[in-house]
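Undergrad: Got a structure here, written out as structure tokens. Questions coming.
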Amino acid sequence: MAKITSNEYVKVAWILDASMTAAQAASPPAAILNAGLDLSPAIAWQDFALGNTDSDDVEDRGITDVGNAVSRGFANFEGTLAFFRDANSADSTSDYVKAFNAFKTPRTYGYLVIRVADAKWNTPFTAGDRVSVYRFVADIIVDDTEGDDSVKFTVSFLPQGILFPAARVAAAGT
């Protein structure tokens, strides 16, 4: 993923699999995105990885192929996010506790949606926003607290084959 500065212009939302279909992911409705969990305030910028990665090459040649045949494979994407933890784990209104509760159960399916530079993170999604939509399964969370560092946990997301790196938020009623 290309380097981008955070500067309050990166918004990441988690949309549960049951809330959005694969067809809607191509141009997600703002109502669905805004009803999802806004992860932005809980994410640590260090170790933030969400985006496209190197694509596959298929080197599984047939017996009749000319030597050194390589075919284009699938586009790949990745997601690894580090989240801050709240000192008061009983505060269900805390953005940090909401993020932890969303991922504490392994194998949770959903969509990570990222918007960069269209508006500040706390601005709701609106029709026409440029977003990238990735379908993932959230894997096991790992405690990521070291020494004097902030109290954090990391979630690795496993790609599920649905990727729309240049989607637009749909207008109402479309």
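The values are calculated or read from the model by the stated rules, or taken from the named source; none is laboratory data. What you are looking at is a predicted structure, and each value in this text was computed from that prediction instead of being measured. Cβ placement follows ideal geometry from the backbone for every residue including glycine, while neighbour counts extend to all protein chains displayed. SASA here: full protein model, heavy atoms, side chains in, ligands and nucleic acids out. Shrake-Rupley method; radii C 1.70, N 1.55, O 1.52, S 1.80 Å.
Undergrad: Among (1) under 16 Å from the mean Cα position of the chain (by Cα); (2) at pLDDT 80 or above; (3) under 22 Å from VAL155 (Cβ atoms), there is one condition ASN76 misses while meeting the rest; what is its number?
TA: That leaves (2) as the condition not met.
Undergrad: In addition: Of everything in region 105-147 that's open to solvent by less than 40 Å² (accessible area, probe 1.4 Å) and among the acidic types (Asp, Glu), which residue is modelled with the lowest pLDDT?
TA: Only one residue fits best here, namely ASP144.
Undergrad: Also, I was wondering about something else. What residue, of ALA171, ALA166, is open to solvent by 80 Å² or more (accessible area, probe 1.4 Å) and aliphatic (A, V, I, L, M)?
TA: The match here is ALA166.
Undergrad: If you check ASP95 against the conditions, is it out of contact with any strand residue (DSSP E or B) (no Cβ under 7 Å at 6 or more places or on another chain), modelled with pLDDT of 85 or more, among the charged types (D, E, K, R) and surrounded by 12 or more Cβ atoms within 10 Å (Cβ to Cβ)?
TA: Yes, satisfied.
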